[in-house]
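Structure first, then comments.
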Amino acid sequence: MPELPEVEVTRLSFVDRIAGARVTRVRVGKPLRWPLGCSAESLVGRQVLGVRRRGKYLLVDLDHGLLLWHLGMSGSLLFGDARNPPCAHDHFDLDTTHGLLRLNDPRRFGAVVFAPSEQSTQAVKLLGHLGVEPLNGGFELNAFHAGLRQRKAAIKQVLLAGALVVGVGNIYASEALFLAGIRPTTRADCISRPRAEKLRLAIIDVLTRAVQKGGSTLRDFSAADGKNGYFQLEALVYDRAGEPCRVCGTTIRRIQQGQRSTFYCAVCQKP
Ligand SMILES: [Zn+2]
């Protein structure tokens, strides 16, 4: 599943190239998670002003309104000059004077939704509940710790829920909790302020490094083929059950939390 760093790296891969382009054609394929919400023809002639990210949504700003793109479970975006016929899993094309932006999504949990503005009900319905962004300087200790104090659920579950801070998916939650020395099953409201600060810094650290790693992965591909590399940091605990902790050598454990696997070191991570 694409997580925040993959979405951000996707954005970086085409934001400079698409800015200023005019929409020349829109093709809607099989139904996605949500309908487009406007006629495809009404987008033709509009100008792309830029591409922002909010959580795991990409916001393509137009001269009138914006398009919200979500990659769902299996989606990926390609932007390039090639205008090959769509394949079976290509479900949305935004063709522009600067190139073709195409959504490939085999499982079709992704979506492209038009909203007249970011304040419109269409946009608020999708973006309104999102927690703060972890990487733009707005992720502050006071609000984070106060939010933790109000939640009795396990800290890993609270991070995945995304209401306090967005973008901490399964991989990055396990890794950040390891870096912060916090057991994933610890109740959020039992986490002290100093530990909350360690966790906040760990979250920023793992996500920042993942974006940087993805950025360097991107540069390894030629721009012409438009490929997006998926990438993963060398994991400290994620998917390492049964292997020795890289810090203390203790065997990494795997548990289930809300249908998801969690990995941790019982020595390095305290309840
Ligand atoms: Zn350890």
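The values are calculated or read from the model by the stated rules, or taken from the named source; none is laboratory data. Being a predicted model, the structure only gives us computed values, none of them experimental. Glycine gets a Cβ as well: all are built from the backbone with ideal geometry, and neighbour counts include every protein chain shown. Please note that ligands, DNA and RNA were not included when accessible areas were found on the heavy atoms of the full protein model with its side chains. Shrake-Rupley method; radii C 1.70, N 1.55, O 1.52, S 1.80 Å.
So here's what we get for this one:
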read-out	value
Residues that are among the acidic types (D, E) and under 17 Å from the mean Cα position of the chain (by Cα), drawn from region 99-150	D105, E133
K198 open to solvent by 50 Å² or more (accessible area, probe 1.4 Å), modelled with pLDDT of 95 or more and not in a loop (DSSP other than H, G, I, E, B)	yes
Hits in region 154-173 (condition: assigned to a helix (DSSP H, G or I) and open to solvent by 20 Å² or more (accessible area, probe 1.4 Å))	Q157, L160, A161, I171
Enumeration of residues in region 249-258 that are open to solvent by 40 Å² or more (accessible area, probe 1.4 Å), modelled with pLDDT of 95 or more and either closer than 16 Å to R183 by Cα or more than 11 Å from the ligand (Cβ to nearest atom) (or both)	T250, T251, R253, R254, I255, Q256
Residues of region 164-200 satisfying the condition of being small (G, A, S) and farther than 27 Å from G128 by Cα	A180, G181, S192
Criterion (at pLDDT 90 or above, among the charged types (D, E, K, R), within 16 Å of the ligand (Cβ to nearest atom) and open to solvent by less than 60 Å² (accessible area, probe 1.4 Å)) met by exactly one of R183, R246	R183
Strands (runs of 3 or more DSSP E) within region 14-105 that include 1 or more residues touching a residue at least 60 places away in the same chain (Cβ under 8 Å) and surrounded by 15 or more Cβ atoms within 10 Å (Cβ to Cβ)	23-28, 48-54, 57-62, 76-80, 90-96, 99-104
